[in-house]
1. Please work out how much length the chain gains when fully extended from ALA83 to SER5, using 0.36 nm per residue of separation minus the C-alpha to C-alpha distance, in nm with one decimal.
2. At a 10 Å Cβ-Cβ cut-off, how would you order GLU13, GLU65, GLU27, fewest neighbours first?
3. Can you list residues whose amide H is under 5 Å from LEU21's amide H, if they're 5+ apart or on another chain and H is modeled 1.01 Å from N?
Amino acid sequence: MDLDSTPVSFALEGVQYSIDLTRGNTEKLREALAPFIAAARTEGFENARHLTRSQRTMKRRAIREWARANNLEVSDRGRISDAVLDAYASQGANSRQQHYGAA
């Protein structure tokens, strides 16, 4: 492992992956995945202690991105308000269904 690298974990289609990435490439991966994460349904995010730090960070980033795109006030750091989380859960699910044609 490169001294400047850190392990990043993610899952796709039920398979868990881990890759060592530099800080810059970690950010590139998160930015590339953010729109897909924002449009995805979560499986067990409510029980966040089972998520890795990078998974929690990516999910929070996706929620913040969604909130800003929907003109909701959200801070860059810290706790996301219950109002934003509730709006994401309800409106986010509706917009994802419309955008991706989900039932």
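1. Numbers: separation 78, 0.36 × 78 = 28.08 nm, distance 3.62 nm.
Residue separation times 0.36 nm, minus the Cα-Cα distance, leaves 24.5 nm.
2. On the way: GLU13 4, GLU65 16, GLU27 11.
In increasing order of surrounding Cβ atoms, one gets GLU13, GLU27, GLU65.
3. Sorted by chain and number, the residues that satisfy this are THR6, VAL8.
Where a number appears in this text, it was derived from the coordinates with a stated rule and is not lab data. No experiment lies behind these values; they were computed from the predicted model shown. Cβ sites come from the backbone with ideal geometry, for glycine too, and all protein chains shown count toward neighbours.
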